[in-house]
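Participant: A single structure is presented below for examination.
The values are calculated or read from the model by the stated rules, or taken from the named source; none is laboratory data. What you see is a predicted model, and the numbers here were worked out from it, not measured in a lab. Every residue, glycine among them, receives a Cβ derived from its backbone with ideal geometry; neighbour counts consider all protein chains shown. Heavy atoms of the whole protein, side chains included, go into the accessibility calculation; ligands, DNA and RNA do not. Shrake-Rupley method; radii C 1.70, N 1.55, O 1.52, S 1.80 Å.
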Amino acid sequence: MGNKAKSIHKKEPKAFGLEEFTKSKSFRVAMQHTAAGLLWEANSGKKQKFRVCHCGRSIQGDVVVVYRATDGSRARFGGLTTCGSGWTCPVCAVRIGEVRREELSSAMVQHVTVGGRVNLLTMTFPHEFDHPLAELMEKFDKARQKFKNSRAYRAVLNKKEGAAGCLGCVSSLEITHGKNGWHPHLHMLSFTQRSITDDEIAKLKKAWVNCLIKCGLGDNTKLTEMMEHALDVRGGEDAAAYIAKYGREEKWGITSELTRPHSKCGLSEESMTPFGLLVAYQEYGEAWAGEKFKEFAGVFLGRRLITWSEGLRAQFAIDETDDQQAAETSDVPDEHLVGMLNPEQWKLVLSRNARVELMRYAAECCHNQATAQNDLNDFVESLKSTAQRARGWFYERLGWRLLQ
Ligand SMILES: [Zn+2]
């Protein structure tokens, strides 16, 4: 008896990385909670349009399983739903980003090793169009489609006819919000046999600007500016730097967002990613930012973060995985089962906003497998004496994929 009680409090020396893990996880889980709150639809019950509402919360089957890294650097839950929404879920976005980054690096290394070139093309349009996002995206989609069908594109980058010997392209859609409203842009990595010449770049620029004007995203009065900025083509080093940063938390603009003191009017002037908008809403109480996030989530629902042209993955022997599979991959190489929580215990954890606290406890204190389940139970029991901080709702047997 005495031994068991003692084991609860007996911590292993703090593992390297646990502090970092807890800090980053708490922040992302809080943001996820904010996103879910903004996107929750009162009448939809368990059939929420935005799956982030259930992410890391609703139970797939009957229990929540707790795993711990054997080095004590982290812990995680199994048996919960993973939304795989890279646009709206800050927890899933990090995992998806890691997987996609590895895939891109692998393709680049393979391609460059055999003498190929990777180019980074960035497509955008003049910023002064403060239109509703849905309308903007419709025009942007049309312009991109037209561009791909244009003579210049076909002559240079088309897989069959293109002169640069293009194996294919990977397109990644990004968006920021700043003082001139929404600013969607597309990065495209093209895998070619040789460099794209200056002459070809000039032709591509002209074609892109032409498509923009035809689709109502620019006019002749801005021609010089558009020729200069609307299409940017860069070589290998920039492409490599882009891949190295792909999907990283720093790119959300959150780190700077949080450390920089803000004047009230300053925030709406700043260029922010959608997750930056979430932070502005959550940390600075900017209601407009919450509304913008909702607008973004609605328009981007179902859109892909990243698209590989047909057959390109196979060229580099990279498996086809969807965003949910990517989000479900575990980042803990060596772990063990700590124990399980029943729905009642889970409700208690959620109602105290104690998910990250519990992960930390499991990582730090549940190393003794003989007492781990009891330790977990005691920890959850101890939450009863703390103040309730949330409703603690979740759905059981939500289904989706039953992975571990
Ligand atoms: Zn998620």
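Participant: Can Leu337 be described as under 28 Å from Gly17 (Cβ atoms), open to solvent by less than 70 Å² (accessible area, probe 1.4 Å) and not in a loop (DSSP other than H, G, I, E, B)? Spell out the reasoning first.
Facilitator: Numbers: under 28 Å from Gly17 (Cβ atoms): yes; open to solvent by less than 70 Å² (accessible area, probe 1.4 Å): no; not in a loop (DSSP other than H, G, I, E, B): yes.
In short, no.
Participant: Same structure, new question: If you take the residues in the range 63-96 that are of a type outside the set (Val, Ile, Thr), farther than 17 Å from Ser26 by Cα and open to solvent by 30 Å² or more (accessible area, probe 1.4 Å), which one is farthest from the ligand (Cβ to nearest atom)?
Facilitator: For the range 63-96, the residue satisfying everything is Asp71.
Participant: Would you say Lys206 is open to solvent by 20 Å² or more (accessible area, probe 1.4 Å) and either of a type in the set (A, V, I, L, M) or closer than 28 Å to Val52 by Cβ (or both)?
Facilitator: Taking the combined requirement at face value, the residue does not satisfy it.
Residues are listed down the side, and each one gets a yes or a no for (1) farther than 18 Å from Leu104 by Cβ; (2) hydroxyl-bearing (Ser, Thr, Tyr):
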{"site": "Tyr284", "(1), (2)": "yes, yes"}
{"site": "Trp288", "(1), (2)": "yes, no"}
{"site": "Val299", "(1), (2)": "yes, no"}
{"site": "Leu305", "(1), (2)": "no, no"}
{"site": "Thr321", "(1), (2)": "no, yes"}
{"site": "Ala326", "(1), (2)": "no, no"}
{"site": "Ser330", "(1), (2)": "yes, yes"}
{"site": "Leu337", "(1), (2)": "yes, no"}
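Participant: Then there's this: Residue by residue through the range 97-118, note down the ones that are away from the ligand (no atom under 15 Å from the Cβ) and among the hydrophobic types (A, V, I, L, M, F, W, C).
Facilitator: Hits for the range 97-118 are Leu104, Ala107, Met108, Val109, Val112, Val114, Val118.
Participant: Where the second residue is open to solvent by 80 Å² or more (accessible area, probe 1.4 Å) and of a type in the set (D, E, K, R) and the first is outside any helix (DSSP H, G or I) and lies in the range 42-56, which pairs have Cβ atoms under 9 Å and are six or more apart or on separate chains?
Facilitator: Here the result reads His54/Lys46, each pair linking the range 42-56 to a residue that is open to solvent by 80 Å² or more (accessible area, probe 1.4 Å) and of a type in the set (D, E, K, R).
Participant: Ok, one more. State whether the residues of the range 360-373 include one that is crowded, with 17+ Cβ neighbours inside 10 Å and at pLDDT below 90.
Facilitator: Going residue by residue through the range 360-373, those that are crowded, with 17+ Cβ neighbours inside 10 Å are 360-367, 371-372.
Of the ones still in play, those that are also at pLDDT below 90 are none.
No, because not a single residue in the range 360-373 is crowded, with 17+ Cβ neighbours inside 10 Å and at pLDDT below 90.
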